[in-house]
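Read the structure below first, then the notes.
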Amino acid sequence: MIRRALLDSFRLRLAALFGGLFLVSALLAAVCLDQVLSDRIVRDQGEAMSSLAGSIAKAIEANLRERHREVLLLAQTPTYIRAPLDGDDLRQSLERTKQAYKYYAWIGIADAQGKIVSAAGGMLVGQSAAKRPWFIHGQHAPFVGDIHQAVLLAKLMPNPSPQGEPLRFVDFASPVYDPSGKLRGVLATHALWDWVEDIIRERLPAQSGLETFIVDRHGNLLSPFEAVGKMQAPAPMPAALTFRLGPWPGGGDYLYGESRVQEAGLGWRVIVRQPKQQALATLNRLRGALMLLGLAASALLMAAVYRLATSFSRPLEQLAGTAQRVGGGEEDADWAIRGGTQELRQLSEAMRNMTSSLLARKQQLADVNANLEQMVADRTEQLRESNHLLLRKAAELALQARQDALTGLHNRMAANEQLQEEHLRYKRAGAPYAVLLLDVDHFKRVNDTFGHDAGDRVLRHIADTLRDSARATDFVARYGGEEFLLLLPATDAAGAAVLAEKIRAAVEQSQAPDVGRITISIGLATADAADAQPEAAVKRADLALYRAKAGGRNRVEAEAAS
Ligand SMILES: Nc1nc2c(ncn2[C@@H]2O[C@H](COP(=O)(O)OP(=O)(O)OP(=O)(O)O)[C@@H](O)[C@H]2O)c(=O)[nH]1
């Protein structure tokens, strides 16, 4: 998750992209540079080695030339031309010459037959040099002999070399003539090979890692001694070349420079070599330095890009944070950003405007919603009131439907419903009920005599009287025309008869409006277990009423006993 978050970061991605690109560029540049530098370094190193070889060759040449000239000049001095060859003058000259140059191992003179007649330190005097090359060639012309091991001198000279290196010499010889030009003898010196070694040492520090070889014209190694006879020298380079990078006979790759010793026709070559690996060490170091430089520069660039990207991304993060706060309900969040480019400031301004616009619309919507809610509440209240009114009206209507308009008593429909209820209660609980059916006597005459309105008033008077006489639990209804019904719950026939008589008497004794005295007839019946419907009791009460009418009116008549 953390890694994903890191990779998701704008600044890290940008820094990695630029750092990576730079690193790849640096690597490509390093590869190209490597090729160029590699050629350049090989050339410089090769030329340096060639130059070193040249410097050594020149020093050898100069020395050879000097020794050669010294012998030549000595042979032309008067002492050598005129003095006896075995005389003191000549011997002293030989001694002085030997002492003047430390590498002279031997200096002496042989007569025309090759017999050594004088020498510094008296060495080899009396011995024959007739077969020595220096004598053979030196009779005719100045001679410089190739390096050779001591033949005659070896037995006479101590060898200081701890490695057992034999004494080796380079011979210089010159013919000695008398004033008439006749050969008197041959003057010769044997110079120790050490002078060559010293020249090399002077020019080549021991720790340089460079090796120097001297090769004769036959390709044989002359120096160093350890390599003589064990190592082969590479073939001479073409004149156009001064150095070469390649295999060395016998193994290994080397960079080596070569120079020829031009003096005395010896045909020596001086070769300075270095293992290829070592020669290219500078390149390797340079390569490492370049890599390090590339890496360091990449890291620096990444840091710089990271800083730059941070300055770009921080305002964006600020905007994202503000957007989150606005989303979370902080409507007055500040959209201002610190720093950033013109485009980011434009974005910030646009976000601020968009938020303001959205918030204004949200407020409008809230207002509309609030109005709507108020409207719904108002409508609901109106509906509730209408409903209430409707229910009240319905109740009133229901009441009216069961009320007699003239007397205010229950009407026939209400009486029938009440009878049904009471009959069910009777069936269920066994509580008996009684029914009184009342009819105004000769009511037609009232109407006829006093008018219909007076008749109505009489009916209202009788209703009042019934209301006053009956118990609160009794049900009084106008059953039709001038006929009334009383339903008496929990009342037996005797109780009902008492009430009926009380009512009858009350009506008779009352003064009806306009009319004065008025009477009523009453039929009485009680519920019977055999009654399937309450109408049966009403029917029986009606029969009793009929009998009361027939019996003379103003009386109570109970149902006939069954
Ligand atoms: N004023 C008035 N008269 C009514 C009303 N209902 C019925 N009547 C009258 O009551 C009279 C009933 O007369 P009848 O049925 O002949 O009986 P009666 O005259 O009372 O005679 P008996 O019942 O035999 O004593 C009729 O003339 C009806 O018009 C009413 O609401 N108001």
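Of all the residues in region 407-443, those that are of a type outside the set (A, V, I, L, M) and part of a helix (DSSP H, G or I) number 13. Go through the residues of region 38-52 one by one and say whether even a single one is touching a helix residue (DSSP H, G or I) at 6+ places or on another chain (Cβ under 6 Å), among the hydroxyl-bearing types (Ser, Thr, Tyr) and touching a residue at least 60 places away in the same chain (Cβ under 8 Å). Taking every residue of region 38-52 in turn, at least one turns out to be touching a helix residue (DSSP H, G or I) at 6+ places or on another chain (Cβ under 6 Å), among the hydroxyl-bearing types (Ser, Thr, Tyr) and touching a residue at least 60 places away in the same chain (Cβ under 8 Å). Only residues that are among the polar types (S, T, N, Q) and assigned to a helix (DSSP H, G or I): list them for region 56-83, please. Scanning region 56-83 gives 63, 79. The residues in region 421-464 that are surrounded by 13 or more Cβ atoms within 10 Å (Cβ to Cβ), within 16 Å of the ligand (Cβ to nearest atom) and either within 60 Å of the chain's Cα centre (by Cα) or charged (D, E, K, R) (or both) can be counted, and the count is 6. Region 465-562 holds strands (runs of 3 or more DSSP E) entirely within its bounds, and those carrying 2 or more residues that are more than 13 Å from the ligand (Cβ to nearest atom) and over 24 Å from residue 406 (Cβ atoms) map to 520-526, 556-558.
Candidates in region 265-292 are the residues that are in contact (Cβ under 8 Å) with a residue 60 or more places away in the chain and out of contact with any strand residue (DSSP E or B) (no Cβ under 9 Å at 6 or more places or on another chain); of these, the one that is nearest to residue 48 (Cα to Cα) is 282.
Condition check ((1) closer than 30 Å to residue 97 by Cα; (2) out of contact with any strand residue (DSSP E or B) (no Cβ under 7 Å at 6 or more places or on another chain); (3) surrounded by fewer than 11 Cβ atoms within 10 Å (Cβ to Cβ); (4) modelled with pLDDT of 90 or more) across all residues:
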site: 164; (1), (2), (3), (4): yes, yes, yes, no
site: 172; (1), (2), (3), (4): yes, no, no, yes
site: 180; (1), (2), (3), (4): yes, yes, yes, yes
site: 185; (1), (2), (3), (4): yes, no, no, yes
site: 188; (1), (2), (3), (4): yes, no, no, yes
site: 195; (1), (2), (3), (4): yes, yes, no, no
site: 205; (1), (2), (3), (4): no, yes, yes, no
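Look at region 326-346 and say how many of its residues are assigned to a helix (DSSP H, G or I) and either surrounded by 14 or more Cβ atoms within 10 Å (Cβ to Cβ) or touching a residue at least 40 places away in the same chain (Cβ under 8 Å) (or both).
3
Could you list all residues from region 402-415 that are away from the ligand (no atom under 16 Å from the Cβ) and open to solvent by 50 Å² or more (accessible area, probe 1.4 Å)? Passing the criteria: 402, 413.
The values are calculated or read from the model by the stated rules, or taken from the named source; none is laboratory data. These numbers were taken from a predicted model, which means no experiment stands behind them. Here the Cβ is made from the backbone with ideal geometry for all residues, glycine too, and neighbour counts use every protein chain on show. Remember, those area values only see protein heavy atoms, side chains included, never the ligands or the DNA or RNA. Shrake-Rupley method; radii C 1.70, N 1.55, O 1.52, S 1.80 Å.
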